[in-house]
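**Student:** This is the structure I want to talk about, given as structure tokens.
The values are calculated or read from the model by the stated rules, or taken from the named source; none is laboratory data. Given the structure is predicted, the values throughout are model-derived calculations rather than measurements. We place every Cβ from the backbone using ideal geometry, glycine too, and count neighbours over all the protein chains shown.
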Amino acid sequence: MIAVAAQRLRAERDISTRVESVPSLDLLLAQPASVRAAIIGAAPVTIAVEAAVRFGWDAVIGPDGGFVGMHSFGASAPARHLFRHFGLTAEAVAAAARAKLAG
């Protein structure tokens, strides 16, 4: 939902954005490279949005890909508070895309 909300924010500025849901990173990484490429595409900017840490996502987004998610473990609170604490918001995802596009 966060990525889709960010997509809407980008669309308001006439910037085309594609969102792919990856319910299981392990299953995606187990696919042949051709399947992963078809899912991820060849966009100039790739950003992972994850309610966890970046670990494993570099295989999908590359070392220069954007990541919006948690950067530490151990915090405990309702999800809405944790998302705000870690900056896991549509605005943060849209800002990450904007920053990556700006170079």
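**Student:** Taking only segment 19-39 into account, find how many residues are among the charged types (D, E, K, R) and surrounded by 10 or more Cβ atoms within 10 Å (Cβ to Cβ). Lay out the reasoning, then the answer.
**Tutor:** The first filter runs over segment 19-39 and keeps only residues among the charged types (D, E, K, R), leaving 20, 26, 36.
Pick out the ones that are also surrounded by 10 or more Cβ atoms within 10 Å (Cβ to Cβ) and you get 20, 36.
Summing the residues that are among the charged types (D, E, K, R) and surrounded by 10 or more Cβ atoms within 10 Å (Cβ to Cβ) in segment 19-39 gives 2.
**Student:** For Val93, state whether it is more than 20 Å from Val4 (Cα to Cα), among the β-branched types (Val, Ile, Thr) and surrounded by 11 or more Cβ atoms within 10 Å (Cβ to Cβ).
**Tutor:** no
**Student:** Okay, moving on. Suppose we filter segment 59-88 for residues that are surrounded by 10 or more Cβ atoms within 10 Å (Cβ to Cβ) and out of contact with any Lys or Arg (no Cβ under 6 Å at 6 or more places or on another chain); how many remain?
**Tutor:** We begin by selecting, within segment 59-88, every residue surrounded by 10 or more Cβ atoms within 10 Å (Cβ to Cβ); these are 59-62, 65-70, 75, 77, 81-88.
Filter once more, so that each one left must be out of contact with any Lys or Arg (no Cβ under 6 Å at 6 or more places or on another chain): 59-62, 65, 68-70, 75, 77, 81-88.
Here the count works out to 18.
**Student:** Show me the helices (runs of 4 or more DSSP H) entirely contained within the chain in which 1 or more residues are in contact (Cβ under 8 Å) with a residue 60 or more places away in the chain, in contact with a strand residue (DSSP E or B) (Cβ under 6 Å, 6 or more places away or on another chain) and at negative phi.
**Tutor:** Ranges flagged: 2-11, 90-102.
**Student:** Checking Ala42 against (1) touching a helix residue (DSSP H, G or I) at 6+ places or on another chain (Cβ under 6 Å); (2) among the hydrophobic types (A, V, I, L, M, F, W, C); (3) surrounded by fewer than 12 Cβ atoms within 10 Å (Cβ to Cβ), which single condition isn't satisfied?
**Tutor:** (1)
Table: residues versus (1) among the β-branched types (Val, Ile, Thr); (2) under 21 Å from Leu27 (Cα atoms); (3) under 17 Å from the mean Cα position of the chain (by Cα); (4) at pLDDT below 90.
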{"position": "Ala52", "(1), (2), (3), (4)": "no, yes, yes, no"}
{"position": "Phe55", "(1), (2), (3), (4)": "no, yes, yes, no"}
{"position": "Val60", "(1), (2), (3), (4)": "yes, yes, yes, no"}
{"position": "Gly65", "(1), (2), (3), (4)": "no, yes, yes, no"}
{"position": "Gly87", "(1), (2), (3), (4)": "no, no, yes, no"}
